Amino acid sequence: MLRAGAVPVPAALELPGLARGTYRVIAWGTNAGRQTAEWQANSDGWLKLDVPPFSADVALAIRGV
């Protein structure tokens, strides 16, 4: 089980091999069972994301725009 009341922490993620372009990113809070954030990010061959703070699990959906 996850510790109740854990302090949310930010995370950085780098994904290699994605085509150059703009991507839509949706963060899904698995603990809350709902979307928690949405933003766009650009890839230059690497997609670099600053993920909003979370305290449990987070799932990311990434699609080209």
Practice task
Please express the Cα-Cα pair-distance distribution P(r) of the chain as a list of whole percents, one per 5 Å bin, running from 0 to the bin with the greatest distance.
Solution key: 4, 17, 27, 22, 14, 9, 5, 2
Exercise for the section: State, as an integer percentage, the relative contact order of the stretch 12-64 based on alpha-carbon contacts under 8 Å between residues 6 or more apart. Expected result: 47 percent
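Bear in mind these aren't lab numbers, they're just calculated from the coordinates by the rules spelled out. None of the values given here were measured: they were computed from a predicted structure.
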